[in-house]
Amino acid sequence: MTGYTGMDSVEIMPGVRVTKERCLYIDDGPTVVLGDLHLGYEKALEEDGMFIPRINTDSIREELNLIICKYEPKRIVLLGDIKHDFKRTRYEGKEEVHRVIELLKNASDVIVVKGNHDNFLQNILQDTGLMAVDYVDICGFRMEHGHVDSGKRPVIIGHEHPSVKVHGAVFGGVKVQCFLHLKKDGIIVIPPFSPLSSGSDLTLAGPETFMSPACKAADVSDADVYGVTEFGILPMGKLGDIENLEI
């Protein structure tokens, strides 16, 4: 893979592209799908005695601005885990959600899907005019967070925070966030949008190690893996073969 320059996006099925911005782009609309923002992550860590710079929300807003300008979506789907804290969110956390939602609403129609972290999310959204839903059926897909499987296919989910570890010939290797496309099972898994989410290493993983019920019941070794790197999207082959991949 030496000298690889990467691609901004890769079409994984007609009209559907995985992108280096960690969002799914669908021609219909056009529509952008992203998830797992985990707003308020730093505050939750502080309550556990860990202090890190508060960069998550500002970084997310910057990336969303880039996506809006580049793809000009008519519709944006937030695929769950908008907030990080399971508990009732304080004023500061509400403001973080409002800042992101208002940015998106000023540019596009917004659909908010609830994730397993999104307790009390509707309380936060009541001033925005949006209603959080369990799923949405658009563009020929069921779109849901992924912590619960509706059984509908094809489906686009988040929740999993997928990444793979690639071994290095000189160094120890690197963990790469990725999209997964389980063609036979009709499942697309998107990576987390939060820059603070490193992802769950799925290398050598069997179905039992996945969090989402849809993936647990699928042939995950046959999933096509598309890595998100600083150079662009990197097609990495099948998940079951990743252990043999080296950089």
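The values are calculated or read from the model by the stated rules, or taken from the named source; none is laboratory data. Everything numeric in this text was worked out from a predicted model, so none of it was measured. For neighbour counting, all protein chains shown are included, and Cβ atoms are generated from backbone atoms with ideal geometry for every residue, glycine included.
Observations on the structure shown:
- Selected residue [over 18 Å from TYR25 (Cβ atoms), of a type in the set (D, E, K, R) and modelled with pLDDT of 95 or more] from ASP109, ASP137: ASP137
- Qualifying residues in region 163-185 (those that are surrounded by 15 or more Cβ atoms within 10 Å (Cβ to Cβ) and modelled with pLDDT of 95 or more) - the one farthest from the chain's Cα centre (by Cα): ASP185
- Scanning region 123-145 for residues that are of a type in the set (A, V, I, L, M) and surrounded by fewer than 12 Cβ atoms within 10 Å (Cβ to Cβ) gives a single hit, MET131.
- Candidate set from region 101-140 (those that are outside any loop (DSSP other than H, G, I, E, B) and in contact (Cβ under 8 Å) with a residue 60 or more places away in the chain); member that is farthest from the chain's Cα centre (by Cα): ILE138
- Among the residues of region 22-44, some residue qualifies, meaning at least one is modelled with pLDDT under 90, within 15 Å of the chain's Cα centre (by Cα) and closer than 29 Å to ASN116 by Cβ.
- Residue in region 180-188 that is touching a Lys or Arg at 6+ places or on another chain (Cβ under 7 Å) and farther than 20 Å from LEU239 by Cα present: no
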